[in-house]
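The values are calculated or read from the model by the stated rules, or taken from the named source; none is laboratory data. Model, not experiment: these values are computed from the prediction. Neighbour counts run over all protein chains shown; Cβ positions are idealised from the backbone, glycine included. SASA here: full protein model, heavy atoms, side chains in, ligands and nucleic acids out. Shrake-Rupley method; radii C 1.70, N 1.55, O 1.52, S 1.80 Å.
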Amino acid sequence: VFQDMLIPGRCLICSEILSGFLEKYPNAREVRIAAARLMIKQKQYDKAKKEFEKIRLSQPQDLMVLYSLGLLSIQQNDYAAAEKYLNEYLVSASKQDKENRDTVQVLFLLSQIAEEQHHYDQALDWLAKIDQDEEDEVSMSVEIKKAQLYAKKGNVQRARKIISELESENPYEKERLLLTEAQILRDIKKQSDALDVLKNGMAEFPKSTNIL
């Protein structure tokens, strides 16, 4: 059944099989998750949420379920519900072993939700909760997002300062920083300054197709 879920045109058959199985074995967690994922594939988000909620009733601290409910709520632009589920995730994760959780992604999602609602200070607060001892790629992503948020707040000087203070030996990351700074300048209609940044980027990365 799980393999057939991936085959176009077999979704209805799979759905019937899964539903029948769950009628007999309502506590079959993995099967209910499979049913919910099939519903997501069919864009039946409300039905998928109901399936995850059934699992949550008996396993309220199930991180995968809380994370899935958070993502589904974001998909439906139900930010209040998304915040509720993701905050519950953080509380539950704090009580479990570190290797069983991914709070970094959840914090990024909460920051994203705040940003979508133009709550930039709150978005920055969520980013501040991410452990600065995380791997370099995560740290770089956090700082770049901070710069973008400060730019949206109107503090372009602070945004550019954050970018200028970031260092990396990775050519991809260096290019990413150049493109971020140029975009920040374009967003505030400083086309000439943005062009200067891109020209400097082309001098450093003459073969780059992203900077063109």
Out of all the residues in segment 12-40, which are surrounded by fewer than 14 Cβ atoms within 10 Å (Cβ to Cβ) and of a type outside the set (A, V, I, L, M, F, W, C)? 16, 19, 20, 23, 24, 25, 26, 27, 30
Could you say whether any residue in segment 185-196 is modelled with pLDDT of 90 or more, of a type in the set (S, T, N, Q) and surrounded by fewer than 16 Cβ atoms within 10 Å (Cβ to Cβ)? yes
Qualifying residue in segment 102-114 (condition: open to solvent by 50 Å² or more (accessible area, probe 1.4 Å) and modelled with pLDDT under 95): yes
When (1) among the small types (Gly, Ala, Ser); (2) at pLDDT below 90; (3) closer than 20 Å to residue 86 by Cα are applied to residue 48, the one that fails is (2)
